[in-house]
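In what follows, a structure is listed as structure tokens, so that the remarks can point back to it.
The values are calculated or read from the model by the stated rules, or taken from the named source; none is laboratory data. All of these numbers come straight from a predicted model, not from anything done at the bench. In case anyone asks, the SASA skips ligands and DNA or RNA and just uses the protein heavy atoms, side chains included. Shrake-Rupley method; radii C 1.70, N 1.55, O 1.52, S 1.80 Å.
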Amino acid sequence: MRVGQCRLLRRVASRTGATCRFFSDISSSGSSVHLHPHHRVHLLFGANTDVGKSVISSGLVRAAASAGCDGWQSPVNYIKPLQCGGSDESFVLLNNDQQEGRRMNDIRCQTLFSWKTPASPHLVSRWENAPVSDEEVVSKLSAVLRDIDNTENNDVDNNLETASITTIIESAGGVLSPSSSSPFNKTTTADHWGWSTQADLYAPLRIPVVFVGDGKLGGISVTLSSLEALWTRGYRIDAVVFIEGESDADNNEYDSIQFGKGNAEALREYMSMRHQIDPSKEVYDELLRDDNAIVCLPPLPPMPIPLDEWYRSNEGSFLRLHQLLDKKWIG
């Protein structure tokens with residue numbers, strides 16, 4: 001972020017006070033999360049498992065860490081509320097090493113709840129007898145956001161010309177993938193612990209979304225269905241990102257087809273058509289207003305090739321996306 005953008009943040013802070021309009025009451029106690037206006041938070045959802053949420057999260061963290069304000073290095077935070085097997089936190093740290101000869105902001109990653117088994121949270125929480133309720137997830141996430149805000153608040157206030165804080169939260173699985181099970185969830189029955197979808201779990205927080213679409217053949221339907229599920233629940237989608245998929249066809253004539261680019265264009269056409277049918281629905285028009293709001297990135301290199309070069313070659317795309325998210329946050 002350049003100094004001019006940071007000054008704009010300062011003017012917004014002076015007009016709005018020290019609260020952020022994107023957060024509402026989120027716990028049974030009725031407490032609210034009020035964040036400093038310099039603290040930008042975005043939630044990543046994906047059309048499905050394995051569409052590249054962690055890859056995009058890591059790219060956004062890199063962009064925020066390298067773009068920081070001149071004169072003051074604000075921290076960048078990555079939060080994974082639910083982790084089943086593996087460690088997306090470790091992936092983000094691995095792909096954000098700071099040995100490239102450039103000054104980068106501090107990158108702070110944390111996982112809130114984790115299970116050992118790589119499966120759906122609603123199952124592993126039962127199998128490992130480690131239930132986590134919806135209220136526990138939302139309350140802990142809210143507390144972590146408040147802690148980030150409080151920890152950095154003094155530095156931000158002392159550096160209003162240049163300060164900003166970025167937090168990226170990555171959901172698990174797809175938009176309607178299950179959250180963790182718990183006997184304390186409202187949907188619990190005599191037969192099983194209840195659970196919510198990812199979209200329902202985080203809806204009370206009203207955090208704006210970066211959505212990762214499916215860039216493979218057949219990805220249009222699941223992308224559109226997922227976006228409609230988010231819009232129906234009141235989410236604001238600030239950007240949609242596709243990673244170009246590889247063709248599974250055996251016939252070489254299909255190898256040159258760019259399904260991700262085609263899926264991105266299909267999304268633009270769909271939203272344009274829906275907006276014509278019902279102009280009162282601004283959710284479609286909001287994504288169409290900015291050319292950088294729908295992005296398709298090149299395919300990832302095959303395993304086990306590291307992603308260093310892929311990230312370097314796409315720095316411009318991630319930086320533009322970072323700047324767009326900043327603009328929408330203060331807008």
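Give the lysines reachable from LYS186 as a straight Cα distance under 22 Å; neighbours fewer than 8 places away on the same chain don't count. By straight Cα distance, LYS186 reaches LYS140.
Take SER114: with every protein chain present and a 1.4 Å probe, its accessible area is about 80 Å². By a 1.4 Å probe calculation restricted to protein chains, ARG233 has an accessible surface near 80 Å², given to the nearest 10.
Computed over protein heavy atoms with a 1.4 Å probe, the carbon and sulfur contribution to the accessible area of the stretch 274-321 reaches 54%.
Of ILE207, ILE107, the order by accessible heavy-atom surface (1.4 Å probe, DNA, RNA and ligands excluded), from most exposed downward, is ILE107, ILE207. For the stretch 200-221 versus the stretch 107-125, the inter-centroid distance based on Cα atoms is 19 Å.
For CYS84, the solvent-accessible surface with a 1.4 Å probe is about 30 Å², rounded to the nearest 10. When only alpha carbons are used to place a centre, the stretch 162-187 and the stretch 276-301 end up 23 Å from one another. In the full protein context, the stretch 210-331 carries 52 Å² of accessible surface per residue, based on a 1.4 Å probe and ignoring ligands, DNA and RNA.
Between the amide H of ILE107 and those of VAL76, distances stay under 5 Å, these residues lying 5 or more places away or on another chain, with hydrogens modeled in the peptide plane. The amide H of CYS296, built 1.01 Å from its N in the peptide plane, has PHE242 as neighbours under 5 Å, considering only residues 5 or more places off or on other chains. Relative contact order of the stretch 228-331, taken over Cα pairs closer than 8 Å and 6 or more residues apart, is 32 percent. Residues whose amide H lies under 5 Å from that of HIS39, counting only those 5 or more places away or on a different chain, are ILE165; hydrogens are built 1.01 Å from N in the peptide plane.
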